[in-house]
Every structure is written in structure tokens, then in C-alpha cells.
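To start, the structure under review is shown below, and the notes come after it.
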Amino acid sequence: MTAPAAAAAPEVFDRLRRHLSPKLALTGSFAGRGAVEESARGCRVTLSDGRSALDFGSYAVTLLGHRHPAVTAAVREQLETMPTSTRSLANPVTADAAARLSGYLDDRLPKVYFGLGGADVVEVAVKLARLATGRGRVLAVRGGFHGKTLGALALTHSPLYRVGLRGCAVDVVHLDPGDPDAVRRETAAGDVAALVFEPVQGENGAVPLPREVLRQWCEDAHRHGAFSIADEIQCGLRRCGERSVALADRLPVDAVLFGKPLGGGVVPLSALLCSERMYAPLAADPFLHSATFGGHPLSCAALPAALTAIEELAERGAGSAALLDEALTALAARYPGAVVEVRGRGLLRGVEFATPATAGAVVVGLAGAGLLVSPCLGRPTTVRLLPPLVATAAEITEAVGILDAAVAGAAAVTGAG
């Protein structure tokens, strides 16, 4: 039996309008200039009108590019063997994935919980911290993003995502990342279960948080008996150069959260890695927090192949990051009236523009020229670049050339030369 033919682009947009959201249809039509995505491989996405685009976006999922052959092979093999689990019998694929992931961080955080999306593991991390400590309050960071489910949304800083909601289920205080004494003051007030932070804030425009402040915060949290949790759903797994940014920076964390590229850009997968003490409530009762598709064999089969590929490509990623950093620094120097700052770490980069209008004009130019990026919904002056590890030097250079032309065009339109 042959696969059904793909719907024509106008039909796709009509179905999006009728069954999902008119705004999704409008955004997709604008980004693709009336075409839809049809296939992808490596850094390239092929559109329905025959054009191709470089994918330096995809919200950090495609760290290995699209359809990495080793990952797709592992998933295909599992699909033909046992794609789902009985949930009554022990599953060797899930057990192997947990052992492999713990070993990836040298077994420093030996306990693992698998989810499908980032918010899944944020929720279970906060839940475990509150249960293990018997305390209710959680400390998060201004500018942070941790998901949109109600518990994770409480930790997410921007009020943009809470419009129309009266409140969220977790008592959260958002800390100023420039205040090293913030955790000490909050823990002195009592009832703090955990500190949750992103070492590099992705949705806030690729903002690295000060290492020494984070170290002080983690130490102060521990003195109070609270847990410190590094949300590396976007910045971990070599996106910012290290397996774990927090562990590489020698931050005394009790947990690290992974997601986005963990399934190799092929299947959804996220994970909490944590200490024995933090995991104790779940060890005592494994059904305390569970999900039908948590530890799904089809997703877990991708993990060993994904981690192997990430490590094989780590050196190339470091070279790409250095090339990108040099090129973006030169770009900022060429357009001082338009580009305010270039920041980030590794292959997570944010270009800050003088105004939202300038950033918007750049995004328009990029869409037309075939470069996909990730805008920052909570920071409309920033354009985020997320190149995959598989990108070649030629593709990095091509992307920066497209960006340069888009900035030049935006500067001319907005007068921000």
C-alpha cells in the first residue's frame, strides 16, 4: 500500500485555520511564503514549492539535524520489535536508556525519570523536591522559562504566558540574577524546597547566568536543606559545549533536566537525573508520579544512538561555535545602530536588536531568504540562532551571510543603520 499523497499547501493552511488556529495558519504561511515543510535531512528543510531552507531554529530540538541516520535506524528497529510497553513487565530498553544517561554524566546523578516534553520533568522535579523536603516554596529566576503546564508555568517568569489565569499551583519567588544574596534571604524566611534555574536562559534571548552567582545560590540552598535543580532542557547535551553546563561549571546541583534533542530530533523524550535523596519519594512509591508514555520504548531506543552521535560531533560543534561567535561579533560591529548585543554560549546564540521593529524586519528577511530561526516570544527584540552539531563551516557561513543581508535590509527600512 502506498502512502497517501501530501495535501497541497492551501489545504494545509485551511485545515490549520479550521481545526487548530487561524494564527498558526497565518504564521506558517508567512514563514514559508505560502509553502509548507515537506521533508528534511541534516540542516535542510525542503518546502512544498521546491525551495530549501537552512534550519537553525526548531526550538533546539534538531541538535543532530533532521533524520540523523543512526537515530532513525535505532527507532526503526524498535518500531519493528516492540514500540510500546505493557507497563506491567520490566522493559529492557527503558532500563538501558536510564543506565546510559546516568553514565553519560559519570553517574554523579544516578536516578532517572523519563518524560516526553520538558515541562514533564520540570513538574516531577518540583514535586519530588517538595515531597522530599516537606516544604512548599520554590525559587526560580527572572527571565527563566520552564514550560506552560500549570506547575511549570508558575516557575516561568514572563507574565505573557499567564494571561487570563488567576494563579498557578506552586508558590514561587523569582530572583534577580544579579543578586548573589537572594537565595540566602529567601531561605532565611523559610519553607524553601528548591531552587530551579537555567544556566543559559534560552527563551529570554540566550542569556548566560553569572556562574559565581549560581554557585552561591546553590550553596545557600544546600545550607538550608533545599535542592538545586539545573534546567538544561535547551542548553544541555553539548548545545552550549558541555554535556551538562551546570556540572561543567562545578555547580553543586542535585538534579539536571534534559529534553529537546534527547530523542535525537526524531522522537519526543525528556529526563530528570537526580540524587538519591531527591528521588527518595519516587523510589519508595514508583507510582507516585507516572505517565502512560513515560519511558516509552520507542523514544528510549533513540537515546543511546543520540548520545553517541552527540559525542562524535562535539568537536565539530565546538568549531562551529567559534566560527559563529566570530561572525556574529563582526556583524554587530558592522551594524552598531541595529545590533545592540550578541550573547550566548556554544550553539545557543541571541542577537539583540535595537527595537522590536528591527528584529521583526530581520525575521521577515530571513524567512524570505531561507534561514529558519527561533524567535523569543518573551523577548521580541531578540532573534535566536540554534545551529545543529551537523552544520558544516560552509553552512554556518551561508547562514551568517543570509543574516547579514537581512540586517542590512532591516536597518535600511527602520533607519537603524
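The values are calculated or read from the model by the stated rules, or taken from the named source; none is laboratory data. Just so it is clear, the structure is predicted and the values come from calculations on it, not from any experiment. FYI the Cβ positions are ideal-geometry reconstructions off the backbone, even for glycines, and counts take in every protein chain you see. For the accessible areas, the whole protein counts, side chains as well, though only heavy atoms, and no ligand, DNA or RNA atoms are used. Shrake-Rupley method; radii C 1.70, N 1.55, O 1.52, S 1.80 Å.
Points worth noting:
- Checked against (1) closer than 16 Å to P388 by Cβ; (2) touching a residue at least 40 places away in the same chain (Cβ under 8 Å), E312 passes all but a single condition, namely (2).
- Pair list, Cβ under 6 Å, 6 or more apart: region 196-222 residue within 26 Å of A359 (Cβ to Cβ) and in contact (Cβ under 8 Å) with a residue 40 or more places away in the chain, other residue open to solvent by 30 Å² or more (accessible area, probe 1.4 Å) and in a loop (DSSP other than H, G, I, E, B): E203/F145; E203/G378; N204/R379; G205/R379; L209/P177
- Any hit, region 22-39, residues being at negative phi and loosely packed, with under 12 Cβ neighbours inside 10 Å: yes
- Cβ separations smaller than 8 Å between residues 6+ apart or across chains give the following pairs from region 345-363 residues that are over 25 Å from V61 (Cβ atoms) to residues that are aliphatic (A, V, I, L, M) and open to solvent by 30 Å² or more (accessible area, probe 1.4 Å): A354/V340; A361/V413.
- Residue tally, condition crowded, with 17+ Cβ neighbours inside 10 Å, of a type outside the set (G, A, S) and over 14 Å from S299 (Cα atoms), over region 62-99: 5
- Positions within region 379-402 being in a loop (DSSP other than H, G, I, E, B), open to solvent by 40 Å² or more (accessible area, probe 1.4 Å) and not basic (K, R), in sequence order: P380, T392
- Taking the numbered list (1) surrounded by fewer than 14 Cβ atoms within 10 Å (Cβ to Cβ); (2) in contact with a strand residue (DSSP E or B) (Cβ under 6 Å, 6 or more places away or on another chain) in turn, K111 passes all entries but (1).
- The selection criterion, being free of Cβ contacts under 8 Å to residues at least 24 places away in the same chain and closer than 30 Å to Y113 by Cα, does not hold for P22.
- One residue from D96, D106 being modelled with pLDDT of 95 or more, on the phi > 0 side of the Ramachandran plot and not aliphatic (A, V, I, L, M): D106
- Residue count for region 126-150 satisfying the condition of being open to solvent by 20 Å² or more (accessible area, probe 1.4 Å), touching a residue at least 60 places away in the same chain (Cβ under 8 Å) and in contact with an Asp or Glu (Cβ under 6 Å, 6 or more places away or on another chain): 2.
- When region 274-299 is filtered for residues that are closer than 12 Å to V112 by Cα and not in a loop (DSSP other than H, G, I, E, B), the ones remaining, listed by number, are C274, E276, M278, Y279, A280, L282, A283.
- Some residue of region 263-278 being without any contact (Cβ under 8 Å) to a residue 60 or more places away in the chain, out of contact with any Asp or Glu (no Cβ under 9 Å at 6 or more places or on another chain) and surrounded by fewer than 18 Cβ atoms within 10 Å (Cβ to Cβ): no
- Within region 187-205, considering residues that are among the β-branched types (V, I, T) and within 30 Å of T382 (Cα to Cα), the one surrounded by the most Cβ atoms within 10 Å (Cβ to Cβ): V196
- Any hit, region 281-294, residues being modelled with pLDDT of 95 or more and in contact with an Asp or Glu (Cβ under 9 Å, 6 or more places away or on another chain): yes
- Restricting region 403-417 to residues that are part of a loop (DSSP other than H, G, I, E, B) and touching a helix residue (DSSP H, G or I) at 6+ places or on another chain (Cβ under 8 Å), the residue that is least open to solvent (accessible area, probe 1.4 Å): A416
- Taking the criterion of being aliphatic (A, V, I, L, M), open to solvent by less than 30 Å² (accessible area, probe 1.4 Å) and farther than 23 Å from T27 by Cα, the residues of region 313-370 that qualify are L313, A314, A321, L324, A327, L328, L331, A332, A338, V339, L347, L348.
- Candidates A318, A330, A322: the one that is small (G, A, S), under 15 Å from C240 (Cβ atoms) and without any contact (Cβ under 8 Å) to a residue 60 or more places away in the chain is A322.
- Criterion: of a type in the set (V, I, T), modelled with pLDDT of 95 or more and in a strand (DSSP E or B) - qualifying residue of V196, V213: V196
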